[in-house]
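The structure appears below as structure tokens.
Bear in mind these aren't lab numbers, they're just calculated from the coordinates by the rules spelled out. Only a predicted model underlies this, so the values are computations on that prediction, with no experimental measurement involved.
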Amino acid sequence: MNRWSLVRAIGVGIFLVAGLATAEPGAEPEPVSPQPDLYDHYRGLQQMQQSLLRRSPEEQARLQPQVQRAEQEACRQLARERRTNVSSGRYWQQGGDEFVAFVLQFEQYCQTLE
């Protein structure tokens with residue numbers, strides 16, 4: 001798996017994690033909560049990647065539009081955090097070196113989506 005494939009696999013969005021695992025047709029929507037920070041997205045993206053890997057290629061293909069929307073939302077959150085000058089030090093405090101590396105790679109990936 002190349003670097004961009006890995007970043008794309010990771011960059012699928014926190015909102016789908018719960019939706020893929022628990023969505024029921026006709027279910028009431030969850031109440032709107034405050035905007036998750038990038039670390040929340042990151043943790044969700046990790047769970048999403050694990051969930052997708054357990055699914056068939058057909059299911060993965062069917063979920064691609066949702067994956068793309070989640071990626072775009074995570075990119076928007078990263079842009080919001082960059083505009084408010086969230087520091088690399090804060091990212092390190094939240095998730096260590098692994099999270100800092102994710103942020104740097106994901107930022108590059110988001111630029112390819114623009």
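Below, the figures for the structure above:
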quantity	calculated
Three-way shape call for the stretch 55-100 based on the alpha-carbon gyration tensor, with the a/c threshold at 1.5	oblate
Hz values of 3J(HN,Hα) by residue in the stretch 100-113 - Karplus curve (6.51, -1.76, 1.60), Gly and Pro given as x	4, 4, 4, 4, 5, 5, 5, 4, 5, 4, 4, 5, 6, 7
Long-range amide H partners of Val86 with built H, under 5 Å	none
